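Report on the structure given below.
The values are calculated or read from the model by the stated rules, or taken from the named source; none is laboratory data. Note that the structure is predicted; figures quoted are calculated from it, not measured. In this analysis, Cβ positions are derived from the backbone assuming ideal geometry, glycine residues included, and neighbour counts consider all displayed protein chains.
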Amino acid sequence: MSQSVIEKARELAGIIALSPEYITMRATQDAAAQDETLAAALSEYNELHRRIEEISLQKEPDFDQMDALTRELEEVQEKVRVQPMYQALQQSRKAFSAMMAQVNAELSAVLNPNGGQGGCSGNCSGCSGCS
């Protein structure tokens, strides 16, 4: 692999790390980690999820217990979803993902300029081969 490609990848990563989307996402992740209400709800969710998984792996799972725990899990999941910090975290992740999708689209457009115009789409399924 070309060292210059690696160097440019590191340079791009540095630029991405300075983007408002990345900075906001990291700050929101840090704030979410400090939010006691959100942490408690996530802990409860993870514990219920673990218990459901444990029961499902038993030789003869108790489906009634699994159903009850699943309903409880859904209630806790809703408690998590309505937390303002969780919503902020999801929004910041969405903004960062959108930026990264744009970056990836640019890379794809440069690497595959005829992708949408009958050229190679990058998907080799059903392809008769490159000429």
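All conditions but one from (1) closer than 16 Å to T28 by Cβ; (2) surrounded by 13 or more Cβ atoms within 10 Å (Cβ to Cβ) apply to E72; the one that does not is (1).
Quick one: which residue in E78, E47, E106 is within 30 Å of L12 (Cα to Cα) and either in a helix (DSSP H, G or I) or in contact with an Asp or Glu (Cβ under 6 Å, 6 or more places away or on another chain) (or both)? Outline the logic, then answer.
Values: E78 fails: within 30 Å of L12 (Cα to Cα); E47 fails: within 30 Å of L12 (Cα to Cα).
Within the list E78, E47, E106, the selection yields E106.
In segment 38-49, of all residues being under 13 Å from R81 (Cβ atoms) and not small (G, A, S), the one that is nearest to the chain's Cα centre (by Cα) corresponds to L42. Any idea how many residues of segment 27-50 are free of Cβ contacts under 8 Å to residues at least 60 places away in the same chain, surrounded by 14 or more Cβ atoms within 10 Å (Cβ to Cβ) and either among the β-branched types (V, I, T) or over 15 Å from Q77 (Cα atoms) (or both)? Total meeting the criteria: 3. For beta carbons closer than 7 Å, sequence separation of 6+ or different chains, a first residue in segment 3-22 that is closer than 13 Å to F96 by Cβ and in a helix (DSSP H, G or I) and a second that is of a type in the set (G, A, S) and modelled with pLDDT of 95 or more, the qualifying pairs are E21/A95. Filtering segment 81-100 to residues that are over 14 Å from the mean Cα position of the chain (by Cα) and of a type in the set (K, R) leaves only R81.
Residues are listed down the side, and each one gets a yes or a no for (1) of a type outside the set (D, E); (2) closer than 30 Å to A9 by Cα; (3) in contact with a Leu (Cβ under 8 Å, 6 or more places away or on another chain):
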| site | (1), (2), (3) |
| --- | --- |
| Q29 | yes, yes, yes |
| D35 | no, no, no |
| I52 | yes, no, yes |
| L57 | yes, no, no |
| E74 | no, no, no |
| P84 | yes, no, no |
